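Comments concern the structure below.
Nothing in this text is a laboratory measurement; each read-out follows from the coordinates by a stated rule. Predicted, not measured: the structure shown is a model, and the values here were computed from it. In this analysis, Cβ positions are derived from the backbone assuming ideal geometry, glycine residues included, and neighbour counts consider all displayed protein chains.
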Amino acid sequence: MVSVSKHLRYLCGAAAGAVILALFGCQTPDPTRVVETRIINFEELSQQMKAPVEIKDDTVVVDVRSNFDYTMAHIPNSIHLQWEDFAQVRGAVPGLIQADVGRVTKRLALKGIGPTSEVVIVGKGLDGQGEEGRMAWTLFYLGVSKVQISDIKIFDKMMTNIQSSPLKNHEDWKPQVVRSVLADRQEVLKSAVSRKDPMDKVHILDVRSKKEYFSKTGFGLGYQNPDIQAMHIEWKEFFTAGGQIKESMRNQLRGVGVGLKDRILVISNRGVRSAAVTMALLAMGFQNAGNYAGGYAELLMRKR
């Protein structure tokens, strides 16, 4: 049985909050430019994410492993994409989605992906770092709601090293951003500093490994890791060995006071593992879950 860590740490009033503000500062990068927002059918997403993975003639299969792994063996007619293709990897905060989301959807269209496409995203499952979930979250954020994730190992018998033909381009489409699935630095800091009641309806969920969570060192920047009132559950606990959603986590979160309508801010180092967990939470019915795409890489940046 998966257990939720009992080490739930909380800040000690306004003094601790002041320490966090002094450490982090209040600077935030320019917000992601959006074209359009919409209300999503989360029930459809839930059914899609929890359904058995099936590859049909019109399914777009996205392989998020390394280029080497893809070249050695892949699912016929699959395309190779990685989460970094749509993120600000060259910037100070590599986990953030590129600001020009319209440009991102144009690139997806050139790969044959549109807002109504049925997409299966495959990767290394629990042997990876949640890359499938990050890609699924990126597509869902932009308005592609029919997404599934899977460990590629379940398709071993159909793998090939023959180069796949490019898919037919999809017509250009405008992103319809689902803003609620994205958390930002300001929201995380506000929750960490101002919330004093542990039963508040906002929760910060740290999904890194236990070693990272209990470490006294920040994300490679020489800081001591501050207490941001985060509950800890490692990201792998949300997925089965085949890479699909572990439904039992729903009741365990409810058991520690996380309501289906509560705001859940999910954090990891670069917004990859946290994106995977965000998609799992949405599929379980926690419709107000948001991925902090900047992660600790952004949260621990020095104030400029």
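Our Cα-only numbers for the stretch 73-184 put the radius of gyration and Dmax at 14.3, 42 Å. Within a straight-line Cα-Cα reach of under 14 Å, LYS210 can be paired with the following aspartates and glutamates, leaving aside sequence neighbours fewer than 8 residues apart in one chain: GLU234, GLU237.
The stretch 228-278 and the stretch 106-169 have Cα centres spaced 21 Å apart.
For THR71, neighbours were defined as the other residues whose beta-carbon sits under 14 Å from its Cβ, and their charges (Lys and Arg +1, Asp and Glu -1) total -1. Note on the stretch 43-98: Rg/Rh from Cα positions, Kirkwood definition for Rh, rounded to two decimals, is 1.07.
For the listed residue pairs LYS50/LYS157; LYS56/LYS146; LYS211/LYS261; LYS56/LYS157; LYS50/LYS211, the alpha carbons are over 20 angstrom apart in LYS50/LYS157; LYS211/LYS261; LYS50/LYS211.
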